[in-house]
Amino acid sequence: MTVAAKVTLPQVPQWLYQVFTPSNNSNETFDRSFVVLGLIMYMTGLVMVATSSMPVAERLFNNPFHFVIRHGIYIVLSMGIAGVALQIPMSWWQRNSSYLLGFAILLLVTVLIIGRSVNGSTRWIVLGPITVQAAEPAKLFFFCYLAAYLVRRRDQVMENLKGFIKPLIVFAILAGLLLLQPDLGTIIVMFVTTFGLLFLAGAKLWQFIGLASVGVFLLAMLAIFEPYRWRRITSFLDPWQDPFGSGYQLTQSLMAYGRGELFGQGLGNSIQKLEYLPEAHTDFVMAVLAEEFGFVGILLVLILSMIVVFKALNLGRKALSKEKYFEGFLAYAIGIWMCFQAAVNIGASAGIVPTKGLTMPLISYGGSSMITMTIALVLLIRIDHEIRLQSIQATSTKRKGRKS
């Protein structure tokens, strides 16, 4: 008599399963999938910065690994800061939101006074070997302030124009300082996030129509009355009209997308990164990824970003249902912010929207962006942690009550 061999099917790793499904394990005190997603995006960014920056690093510094070494240092530094930020309770962020906003304004004023100019924009504060892009922490601190304001004045925002206008005045001050750098891309990200957060907070429809109309009008005026911005828009509409002038960057990026096709040319086989495509390791790193890994590579990165955004929005909904309003509004703001910035970065490199100089969250080269986005991700982990602790404490209290 023969005995059939027992076949053991391969099991899906638990950590991978948790990335795509929310964990309901009451013993877990934080969502590990945020950590997994962050590490995957870190490693993706490190590989892409390495492959896209070597030619320009060799020419500028006679060291092909210059940018990848610095990017690795930024990742390690980000993780160290993440460990510290993870210990800070959300009540601290809410209580000190006004001071954080004041610090953001101070940074934006300081960069105008002593900042370093690159390609006609004054956006960086040089502190020895470290350069700080003031606009990056300013975004996060403004969203903390806005979330705290909505907790204090939510009824006013929903009922009258005065409560709706107050945060827009603060936004206008920040936008004015950013415009002096100039940094229109950050202004648009902050405007869209503010718009979305006020909508989720329950502001009336006519307020949004008015805000959107004014915002679109002002952005149109900024484009029309600044020749270089108008050239960006016209070159975006038809980059092949001037492929060696105003449309040069976009045409080179489109060539990278075209060469990538479905599965790409393979890691390290990009032609456009050989100094044909400017800013290949920063604003246009996704074009190099598209050339080397094709549509499939871009799709996988989009899925990773979409999962982070979906989890952030779901976390905001859960926090509001638990009456943790500051945490809920901040999670919503981070989700909208990451979604829009990723969409603009990929859209700009693919010729869908005008170029705005925005980094791809957790992937593009840039220390300030990397650290700020890491803190934003840590805040999501902390919010989830506090919600889980609240549920655990409530469960233990009920059990004690039943025993007594």
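The values are calculated or read from the model by the stated rules, or taken from the named source; none is laboratory data. The model shown is predicted, which means the values in this text are computed figures rather than measured ones. Cβ placement follows ideal geometry from the backbone for every residue including glycine, while neighbour counts extend to all protein chains displayed.
Tell me, please, whether a residue that is modelled with pLDDT of 90 or more, buried (at least 19 other Cβ atoms within 10 Å of the Cβ), aliphatic (A, V, I, L, M) and out of contact with any Phe, Trp or Tyr (no Cβ under 7 Å at 6 or more places or on another chain) can be found in segment 348-359.
Among the residues of segment 348-359, not one is modelled with pLDDT of 90 or more, buried (at least 19 other Cβ atoms within 10 Å of the Cβ), aliphatic (A, V, I, L, M) and out of contact with any Phe, Trp or Tyr (no Cβ under 7 Å at 6 or more places or on another chain), which makes the answer no.
Taking segment 268-297, which residues are assigned to a loop (DSSP other than H, G, I, E, B), touching a residue at least 60 places away in the same chain (Cβ under 8 Å) and within 25 Å of the chain's Cα centre (by Cα)?
Lys273, Ala280, His281, Thr282, Asp283, Phe284
Among the residues of segment 124-133, count how many are more than 18 Å from the chain's Cα centre (by Cα) and either part of a strand (DSSP E or B) or buried (at least 19 other Cβ atoms within 10 Å of the Cβ) (or both).
6
Yes/no per residue for (1) more than 19 Å from Phe142 (Cα to Cα); (2) part of a loop (DSSP other than H, G, I, E, B); (3) in contact with a helix residue (DSSP H, G or I) (Cβ under 9 Å, 6 or more places away or on another chain):
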site: Phe329; (1), (2), (3): no, no, yes
site: Thr355; (1), (2), (3): yes, yes, yes
site: Thr359; (1), (2), (3): no, yes, yes
site: Tyr365; (1), (2), (3): yes, yes, yes
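So which residues in segment 163-204 are assigned to a helix (DSSP H, G or I) and charged (D, E, K, R), if there are any at all?
Lys166
At pLDDT 90 or above and not small (Gly, Ala, Ser): which single residue out of Leu218, Leu302 fits that description?
Leu302
Exactly one condition in (1) in contact (Cβ under 8 Å) with a residue 60 or more places away in the chain; (2) assigned to a loop (DSSP other than H, G, I, E, B); (3) over 23 Å from Gly72 (Cβ atoms) is not met by Ala312; state its number.
Status for Ala312: all satisfied but (2).
If we scan segment 268-277, do we find a residue that is under 30 Å from Gly328 (Cβ atoms) and surrounded by fewer than 17 Cβ atoms within 10 Å (Cβ to Cβ)?
Taking every residue of segment 268-277 in turn, none turns out to be under 30 Å from Gly328 (Cβ atoms) and surrounded by fewer than 17 Cβ atoms within 10 Å (Cβ to Cβ).
Which residues, counting only those in segment 81-91, are in a helix (DSSP H, G or I) and either surrounded by 12 or more Cβ atoms within 10 Å (Cβ to Cβ) or touching a helix residue (DSSP H, G or I) at 6+ places or on another chain (Cβ under 7 Å) (or both)?
Within segment 81-91, Ile81, Ala82, Ala85, Met90 qualify.
Please name all residue pairs, on different chains or six or more residues apart, with Cβ atoms under 7 Å, provided the first residue is in segment 175-198 and is under 14 Å from Ile105 (Cα atoms) and the second residue is modelled with pLDDT of 85 or more and hydroxyl-bearing (Ser, Thr, Tyr).
Leu178/Thr186
Name the residue that is farthest from the chain's Cα centre (by Cα), counting only residues in segment 113-123 that are touching a residue at least 12 places away in the same chain (Cβ under 8 Å) and part of a strand (DSSP E or B).
Out of the qualifying residues, it is Arg116.
In segment 48-64, what count of residues is obtained for those that are part of a loop (DSSP other than H, G, I, E, B) and surrounded by 15 or more Cβ atoms within 10 Å (Cβ to Cβ)?
Qualifying residue count, segment 48-64: 1.
Within segment 18-47, can you find the residues that are at pLDDT below 60 and part of a loop (DSSP other than H, G, I, E, B)?
Across segment 18-47, the qualifying residues are Thr21, Pro22, Ser23, Asn24, Asn25, Ser26.
Have a look at Leu107, Leu174, Leu178 and point out the one that is crowded, with 17+ Cβ neighbours inside 10 Å, farther than 30 Å from Gly210 by Cβ and either among the aliphatic types (A, V, I, L, M) or at pLDDT below 90 (or both).
Result of the check over Leu107, Leu174, Leu178: Leu107.
Return yes when Glu261 is of a type in the set (Asp, Glu) and touching a Lys or Arg at 6+ places or on another chain (Cβ under 9 Å) and no when it is not.
Judged against the criteria, Glu261 is not a match.
May I ask you to list the residues in segment 92-106 that are part of a helix (DSSP H, G or I) and either over 19 Å from Gln133 (Cα atoms) or of a type outside the set (A, V, I, L, M, F, W, C) (or both)?
If the condition is that a residue be part of a helix (DSSP H, G or I) and either over 19 Å from Gln133 (Cα atoms) or of a type outside the set (A, V, I, L, M, F, W, C) (or both), then Trp92, Trp93, Gln94, Arg95, Ser97, Ser98, Tyr99, Gly102 are the ones that fit.
Test Leu389 against the criterion of being closer than 23 Å to Met90 by Cα, surrounded by fewer than 24 Cβ atoms within 10 Å (Cβ to Cβ) and of a type outside the set (Lys, Arg), and give yes or no.
Yes; evaluated as a whole, the condition is true for this residue.
Could you check segment 134-162 and list, in sequence order, the residues that are part of a helix (DSSP H, G or I) and surrounded by fewer than 19 Cβ atoms within 10 Å (Cβ to Cβ)?
Val151, Arg152, Arg153, Arg154, Asp155, Gln156, Met158, Glu159, Leu161, Lys162
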